[in-house]
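One structure coming up, written as structure tokens, with questions to follow.
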Amino acid sequence: MDGGTGCGGQGSGCCLIERLHLVIQKIEQEWPEKRLLVLGDVMLDKYIWGEVGRISPEAPVPVVRATHRSEQPGGAANVAMNMAKLGASVVVVGFTGGDEDERLVAASLRANGIDPAFVSCEDFPTITKLRILGGRQQMLRLDSERLGAHAEADHERLLHQVVEELPRCHAVVLSDYAKGVLVPSLCQAVIMEARRRGIPVLVDPKTADFSRYRGATTICPNLAELSLAVRAVSRDEIHDLDALLAAAEGMVGDLDVEFLTATLSEKGIAVIRPGNRFLAPTVARQVFDVSGAGDTVIAVLALCLASGLAIEPAVQLANMAAGIVVGKVGTVPVEKHELLAALAPEIALHAEDKVLTRAELVRRVAVWKANGESVVFTNGCFDLLHVGHISVLEQSRRQGDRLIVAINSDASVTCLKGPNRPVVRENDRARVLAALAAVDAVTIFDEPTPLELIVATRPDVIVKGGDYNEDTIVGAREVKSWGGRVAIVPIVEGHSTTRLIERSVAGA
């Protein structure tokens, strides 16, 4: 591939890994503080779910026996749903028809904490897409919409809604499905106003003429859309990916965007700047339905840019999110806990990302529980880690899906063990424990007991070594009160930190 490649070259995952702690901090702490605006074509996705058992005698088509129906916000509204499920506050602006389908979209958005700021146009019914599924396979899609241009006054009402909302927003997404909302004049007015306020604008394009999006922060075409846009500019047929991306580099300056962000199907996502390209490869998943994957990508990118994250780790994160959503059936948004779960294998390899403050731990536990994982808690000083500690930790981990290890602070250890302890300082003890595969999170507590921490995290299981009994375990009563249990595991006889110290002194 010609042109420079950022962060270790094409296909490198280092950008995300090097910034893993920052990325997790953005997701857990900053994304819930962001408000995003989505302007575009609002739709209602309808589904008829059923089973296929035979071929119709009337025509060579399968007969679907309907079992149930459902509705879901679609189009620009699905982009908003993705953002909300990732923790952001969202307002969505677009045309609707003042009809029952508008009411269904608005009700669903409000139920998910999204503000619908619709402009109703009675001559244009709310756009719907009806999908019929047999099992997990989509059999047919039926679109209902009225074609034709909206009145200029309708677009002025949209612009008024956007300008009113912009001061409270941290990023704008123009979600174009070529259904009549994002005409050139509206696009330029919104981009100029957002740019004046220093707010990033991301565009999911539909037209081959990208000039209406001039001045946006980034335009995010898929491979087909990028090919059409390049052909519209160069008038040449380009079938080679490298030549296509080279041509796209030339468009960046012409369009006055910071970069292009192109989704390249199974090849991944490319960030394109003049003379420089970065390619984030796809995350392999079993694909059931690609509908909504592009909405997921731009939702993640918008939140990343709103939070000040560089585009290279942002596209890698977006790739992960897209990999999750294509494994679902229908237009179903990815949720924050699913995205953090996808990062879990990398977190496990980076000890510093497992050492958490109390507030961070509470958020991490919420993610685990949202994924249906059981949480185990154990605590101790863990000064001079030895085989007895390892045995207890490994047995503790077997009690559930995730293990929290709470360690006494240095001051707390000194109170318990005397002025010459701890031998190893709290931050070092935490880091060593976090490096163990059995441990999912480590936190430090300064109180005489970990009771406050136990109540804050509400573990499913609390574990102590065999030299305790249930009546002497701090937090046992509380854990059992919310349906949890207490586990007492055997200890390895003859191993303790005190004995290690005594032997070291004797040896010296």
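Might you let me know whether the range 207-224 holds any residue that is of a type in the set (Gly, Ala, Ser), touching a Lys or Arg at 6+ places or on another chain (Cβ under 8 Å) and open to solvent by 30 Å² or more (accessible area, probe 1.4 Å)?
Looking through the range 207-224, at least one residue is of a type in the set (Gly, Ala, Ser), touching a Lys or Arg at 6+ places or on another chain (Cβ under 8 Å) and open to solvent by 30 Å² or more (accessible area, probe 1.4 Å).
Quick one: which residue in 405, 334 is without any contact (Cβ under 8 Å) to a residue 60 or more places away in the chain, in contact with a helix residue (DSSP H, G or I) (Cβ under 6 Å, 6 or more places away or on another chain), not aromatic (Phe, Trp, Tyr) and not in a helix (DSSP H, G or I)?
It is 405.
Okay, next question. Is one or more of the residues making up the range 121-132 more than 17 Å from residue 176 (Cβ to Cβ) and of a type in the set (A, V, I, L, M)?
yes
Any residue in the range 68-88 that is part of a helix (DSSP H, G or I), under 25 Å from residue 205 (Cβ atoms) and polar (S, T, N, Q)?
Yes.
Right, something else. So if I check each of 347, 324, which one is surrounded by 17 or more Cβ atoms within 10 Å (Cβ to Cβ), part of a helix (DSSP H, G or I), of a type outside the set (S, T, N, Q) and at pLDDT below 80?
Just one listed residue meets the conditions, 347.
Read through the list (1) open to solvent by less than 30 Å² (accessible area, probe 1.4 Å); (2) in contact with a Ser or Thr (Cβ under 8 Å, 6 or more places away or on another chain); (3) under 27 Å from residue 170 (Cβ atoms), then give the number of the only condition that residue 117 fails.
Only one criterion is unmet by residue 117, namely (2).
Starting from the range 381-393, take each residue that is more than 23 Å from residue 414 (Cβ to Cβ) and list its partners that are of a type in the set (Gly, Ala, Ser), counting only C-beta distances under 6 angstrom and pairs at least six apart or across chains.
Pairs found: 393/438.
A further question follows. Across the range 389-402, what is the total count of residues that are out of contact with any helix residue (DSSP H, G or I) (no Cβ under 9 Å at 6 or more places or on another chain) and open to solvent by 10 Å² or more (accessible area, probe 1.4 Å)?
Adding up the residues that qualify gives 9.
So which residues in the range 444-473 are among the β-branched types (Val, Ile, Thr) and more than 24 Å from the chain's Cα centre (by Cα)?
Residues satisfying the conditions are 444, 449, 454, 455, 461, 462, 463, 472, 473.
Which residue is farthest from the chain's Cα centre (by Cα), if the candidates are limited to the range 89-115 and must be touching a residue at least 60 places away in the same chain (Cβ under 8 Å) and in a strand (DSSP E or B)?
The residue in question is 95.
Give the residues of the range 412-450 that are within 21 Å of residue 361 (Cα to Cα), in contact with a helix residue (DSSP H, G or I) (Cβ under 6 Å, 6 or more places away or on another chain) and open to solvent by less than 30 Å² (accessible area, probe 1.4 Å), sorted by residue number.
434, 438, 439, 441, 442, 443, 445, listed by residue number.
The values are calculated or read from the model by the stated rules, or taken from the named source; none is laboratory data. What you see is a predicted model, and the numbers here were worked out from it, not measured in a lab. So basically every Cβ, Gly included, is an ideal-geometry build from the backbone, and we count neighbours across all protein chains shown. To get the accessible areas, we keep the full protein, side chains included, count just its heavy atoms, and leave off ligands, DNA and RNA. Shrake-Rupley method; radii C 1.70, N 1.55, O 1.52, S 1.80 Å.
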